[in-house]
1. In this structure, does L134 turn out to be farther than 17 Å from W31 by Cα, at pLDDT below 95, in a helix (DSSP H, G or I) and open to solvent by less than 50 Å² (accessible area, probe 1.4 Å)?
2. From the residues in the stretch 137-168 that are touching a Gly at 6+ places or on another chain (Cβ under 9 Å) and of a type outside the set (S, T, Y), which one is nearest to I92 (Cα to Cα)?
3. Given the structure, is I121 crowded, with 19+ Cβ neighbours inside 10 Å and either on the phi < 0 side of the Ramachandran plot or charged (D, E, K, R) (or both)?
4. Residues in the stretch 78-93 that are open to solvent by less than 10 Å² (accessible area, probe 1.4 Å) and in contact with a Phe, Trp or Tyr (Cβ under 8 Å, 6 or more places away or on another chain): how many?
5. Filter the stretch 137-166 down to the residues that are without any contact (Cβ under 8 Å) to a residue 12 or more places away in the chain and in a helix (DSSP H, G or I), then identify the one that is surrounded by the fewest Cβ atoms within 10 Å (Cβ to Cβ).
Amino acid sequence: RRFRNKGVDMLVPHLHGVSTKPTSGTSKKRWTEAGIFEKFDSLEKKIVAVARDIFEWSQEKADRVWFGTGRETGSFTFHYLKNGTTVSVFSIYTNGKLMLNFGWLLPRLGHDLMKEFYSKIVAIPTFRNIPEDLTKWPYITLEEAFPSKKEIDDFKRVVEWLRERIRD
C-alpha cells in the first residue's frame, strides 16, 4: 500500500486479518490491595506493618488511593485532588520503598509551596538526606524512613499539612 505523507510517497506494509499486541510477558496489570499485601508478605513483618499502617491511613485521608500497574512490583499512591487535578504526593512499593513524588508535585503546587513541603519533610530526622531537587522522585526505604511510630506520625502530619495548604 502506498501512503502519502507531506508530499512524500511511502510504502507501508499491510497485513490481512486482525493484529494484536503481543501479550506474553509485556502486559501490565492493575494491582489491588490483596495483591499488594500478598507481595509485601515477602518482606519483614515490621515493614509490612508500616506499609499497612500508611495504607489504612491513606484510605482515610487521601482523596484517592491509586494502585499501580507494574508487572513485578506493586504500588499504591496517595492522591489529593485540587480543582479536579490529581496531586500525587507519595507512592509505596512492594519492594519496601517510599517514593516522594516531587516531580509531579512541583508543577501542581508551585515552587514556594514545594520548598515549604520539602523543608517539613526533611525536618523529620530520618528524611534529612532526601535531595533538594524538587523536579525528581526521591525514594527512601520504609525501614530507613520509619524506624518507629514517631516518624510515621510525623510523616502523616506533614502530608496532612499539605492538604490544608492545597485547600486554601
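The values are calculated or read from the model by the stated rules, or taken from the named source; none is laboratory data. Remember, it's a predicted structure, so these values are computed and weren't measured experimentally. Positions of Cβ are generated from backbone atoms using ideal geometry, with glycine treated the same way; all protein chains shown enter the neighbour counts. Accessible surface areas use protein heavy atoms only, side chains included; no ligands, DNA or RNA. Shrake-Rupley method; radii C 1.70, N 1.55, O 1.52, S 1.80 Å.
1. no
2. Within the stretch 137-168, the match that is nearest to I92 (Cα to Cα) is L142.
3. yes
4. Count: 6.
5. Per the stated criteria, the residue is E164.
Okay, residues lined up against (1) touching a strand residue (DSSP E or B) at 6+ places or on another chain (Cβ under 7 Å); (2) farther than 16 Å from I54 by Cα:
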position: M99; (1), (2): yes, no
position: H111; (1), (2): no, yes
position: K115; (1), (2): no, yes
position: S119; (1), (2): no, yes
position: T135; (1), (2): no, yes
position: P138; (1), (2): yes, yes
